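Notes to accompany the following structure.
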Amino acid sequence: MDHLPRSKISPERFATHAALVCAAVLSSGIMLIGYRPGNTHPFPLLFPVFLWLSGFGAFTGFFISLFIVLREARSSLLGLIHLAIFVNVALLFGLQFILMQQPLTAGLAYALYAICLLGLALILNEHMARLLGSSYVERTSLALIIGLLNLGFVTWDLRLLQFQGIEEPSLKCVRNIYACLLLQPLLILGIRRLTTRQAGVRGSRRRLKSSFRRHRDRFRFYAGHWLACAFAAAFSQWLLSQHAPDNLNDPWLGSKIVWGCISLAWIPALLQQLRHWQQAQLLPRNIRSPWQSTGGRAEQFLKQHHLPRAAQETWLGLRTAIIMIDHDPHEDCRVHLPALLYRARQMQCEQIMSRIFSEQILSTQTQGSQILVSMDPEHSIMSCTESLLILTVLYLDGLPLVEKRLKQLVRLLPLLDPELGRLLSENKVEQLFSRLQGFFHLDYNWIDQSMRSGDDEASFDVRLENLNPRERQRVLTQLSSAQWLGNFIWISESARDRLKTESPFLASTIERWPIQLEQVHGKSMETAIFLIKFENLIPRLQRYHALDEIRSRLAPLPLPPHSQRVCEEIEVSLSRDPDHIDLQNHLKAMTNHEWQGFRAKDLALDILLKMVARADLLERNVRMHKNDWQNFRRETRELVQKIGYPSQELHKAHLSKLELRQLHELQRICLEPEHPRCREAWLLLASLPTRTLHSDAVGQLLQTIAAACRAPALRSHEIILHKAVEAFFHLARGLPLNRDNDVSRVFEILARTLIEVEADQELLLAFMDGKLAMDQQRGTEMSVSGPVLIQWKEAVENILQEPDLPASIQAAIDLRWRSFSGSNDPLHKAS
């Protein structure tokens, strides 16, 4: 179960954000009661002060809102709309004051307002396009079209300033920009027709319709923005037809045309912000869960099922397809590969599935080499059919791609990690991978989704039934003996019945295979399982379910021409016996180049390996100096890190983990309380394998524990003190009997420290139990000095004085004390 904290969007912060928007609108209203140069007004002294305060308040709200937006990542796009509105209002209604003081020309003031309004339009366009579910290419093309159109309108109206003043061109600018936003749906459809094939267009329309059906709030918010744009465009056109040129009946009210320049985008933005805040009161802020393939599942479950029921705990039980993928059924990788490659193989299999089928997968659980995947019944119409697509893509492309990436990593290990590289070879890994065969199972069964909410947190969980281990092993053994493992999918009877309903074209691929079942009394009986052979399944999936199109999602990007040219030039040079100067020039050229895409990066890594092999040959033949060779390998290693290699982050974490296991590094970090890995070092110290450590190394670690007991900054940490006790009894067992003096000295220091820091009851009892176990194991009896023993007796008696302490626990503590003290002195107990 994944516990998710509440959102940190507080009501006070939201109220501040909303108040700033309203304050900007109100301050703009005050500025409206302004005047153009030459107008009269009833408050000649106070009114300029109001103008200054309004402009200052609008800009202050701008910066405060910027701070809030940077803190609130969830509402950053809405916050950008608010920021653009602030700038729009401040510049628009500050123009009258600016022109009154005449620090700027009318053309420059108009340009400032037009740029601000254009920025607001682009942000609104991005937000509205996201609500429509448009892709990145569509949003970029749309922003370019709208930006160029409005830039042309602004430039065209600029020539009218000297004849009409600033108000009428500004109003035309507003009308044109909002009219372009009204055409956004038509522009998106036109872009889709130009940039996608007809089949892709139909798929995009279906995705848009299903997106609005699933997220009805999106349609309401989009309609609100569209209506606000329509009202602004219509109102500005009405003002142009009625009041241009502007005739002022009341001069002190200012220009009527300026009223049409007010942006109404803040209304739907504020409503959307309010809706987000209402949902955020129970919405988990950190959605990603180890049980999920995507972070949106918990949020969707919360909105669609948990909040409408208004319950503290919600359960939803549905039947769906469940996949079991075992990429190492006979544990060959776990036995023969290092932990790094074993974990890398496991993680890359999960990444491939989530990369292609993230919308259909509800949860992913991993146990050893087995990956258990459940399909989302709310987003998958044909869950069993889509499960077969997942398994087929993994069989054809996923597992071979994983093995290819791991082979590349093994080839780079002599350069990146020489110690691990000496243990592996490419031929050894190749032979191991050639023996591996996947084990696939498909079931159609019940799963339970649940959410529990309390006062401070909410938790989302997905529970499903695992495959019976005995049944799995029985089928695995018989498939292996028949040499069918890896070429078949084992499906349950319920999945077979469901598949007949979903896709009659695939039902004919199901085969019945008899197997022998061993009973408890030694008797055996025959039953049958259902299998689907990949060679029969693949043609039908290609014909009826667009398998090739799904497989194309794993295809790498084409090699850029510039990258191909660089690689070809270096390949030609390497074939002509280059010297170390040529290698340095090639390395510099590859460093300055930007490598993009898996294919280009793999090709660059292959060339770097050839260059390293050439440098090694030159160094062996004394044609390259030792220092130059070492510098070349170091620079090559840095370039490999820059380009990127398979499982790079996992390999870095692995190196960091091994670095801490070096004894000198472990001792240093354990004695530095401010080090970020200090706690991790003590956890590791308490679980080190003593059988592989030399007695001198164990003695040094015991001295580290003693030094930590003397350091006030370390002994005050409860977790460090607990792990120091655990590590002492764990390490002391690995020392021979002739080192009893070292053990007794550290034992005395640790016993005194526990009393001085007033350790809790649990730790004192654990210390006494550890002392008894070590005495029995070593055949000797350790003891502490008299003063320390007296202090221990007082501490144990204080424990016994606690009220409501059961008599059984009192007796257990008394027995521990007699063993610890080596005497039968009675303890003073509570009556």
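Every number here is computed from the coordinates shown, using simple stated rules; none is lab data. Being a predicted model, the structure only gives us computed values, none of them experimental. As a convention, Cβ positions derive from the backbone with ideal geometry for all residues, glycine included, and neighbour counts pool all protein chains shown.
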In the range 526-594, trypsin sites (Lys or Arg not before Pro) in a DSSP loop with at most 16 other beta-carbon atoms within 10 Å: 576
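Figure the gain on full extension for residue 315 and residue 474 (residue separation times 0.36 nm, minus the Cα-Cα span) and round it to one decimal in nm. Mind dumping the intermediate values first?
Working: separation 159, 0.36 × 159 = 57.24 nm, distance 3.42 nm.
This chain segment gains 53.8 nm when fully extended.
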Within the range 662-742: Cβ-based charge dipole about Cα centre, in debye rounded to nearest 20 (Lys, Arg +1; Asp, Glu -1): 80 debye
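Where nothing but the Cβ of Lys and Arg (+1) and of Asp and Glu (-1) is charged, how large is the charge dipole of the range 571-688 around its Cα centre, in debye to the nearest 20?
Numbers: 19 positive and 18 negative charges, 34 e Å.
The dipole of the range 571-688 has a size of about 160 debye.
Could you give the size of the charge dipole of the range 554-596 about its Cα centre, using +1 on the Cβ of each K and R and -1 on the Cβ of each D and E, expressed in debye and rounded to the nearest 20?
Numbers: 3 positive and 7 negative charges, 29 e Å.
Roughly 140 debye for the range 554-596.
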Chain lengthening between residue 434 and residue 559 when straightened (0.36 nm per residue, less Cα-Cα): 42.1 nm
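The range 740-831: which GluC sites (Glu not before Pro) are DSSP loop and have at most 16 other beta-carbon atoms within 10 angstrom?
Values: sites: 748, 756, 758, 762, 781, 794, 797; in loops: 758, 781.
Within the range 740-831, the qualifying GluC sites (Glu not before Pro) (loop, at most 16 other Cβ atoms within 10 Å) are 758, 781.
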Cross-link reach list, aspartates and glutamates versus residue 172, counting only Cα pairs under 17 Å and skipping chain neighbours closer than eight places: 157, 246
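Which order do the peptides 223-229, 810-816 come out in when sorted by mean C-beta neighbours inside 10 angstrom, highest first? Mind dumping the intermediate values first?
Details: 223-229: 18.4, 810-816: 14.9.
Put in order of decreasing packing, that is 223-229, 810-816.
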Residue 223 versus residue 613: modelled label distance in nm, points set 7 Å from Cα along the beta carbon direction: 6.6 nm
Cα centroid separation - the range 735-758 against the range 604-629, whole Å: 54 Å
Fully extended contour minus Cα-Cα distance, from residue 622 to residue 513, at 0.36 nm per residue: 32.7 nm
Sites residue 381 and residue 805, calculated FRET efficiency, Cβ-Cβ separation with R0 51 Å, nearest 0.05: 0.25
Relative packing of peptides 730-738, 368-376 - highest average C-beta neighbours within 10 Å first: 368-376, 730-738
Simple label model, 7 Å out from Cα along Cβ direction - residue 111 to residue 748, nm: 8.6 nm
Neighbour cut-off at most 13 other Cβ (10 Å), DSSP loop, trypsin sites (Lys or Arg not before Pro), the range 381-471: 422
Label-point separation in nm, residue 695 to residue 494, each point 7 Å along Cα→Cβ: 6.2 nm
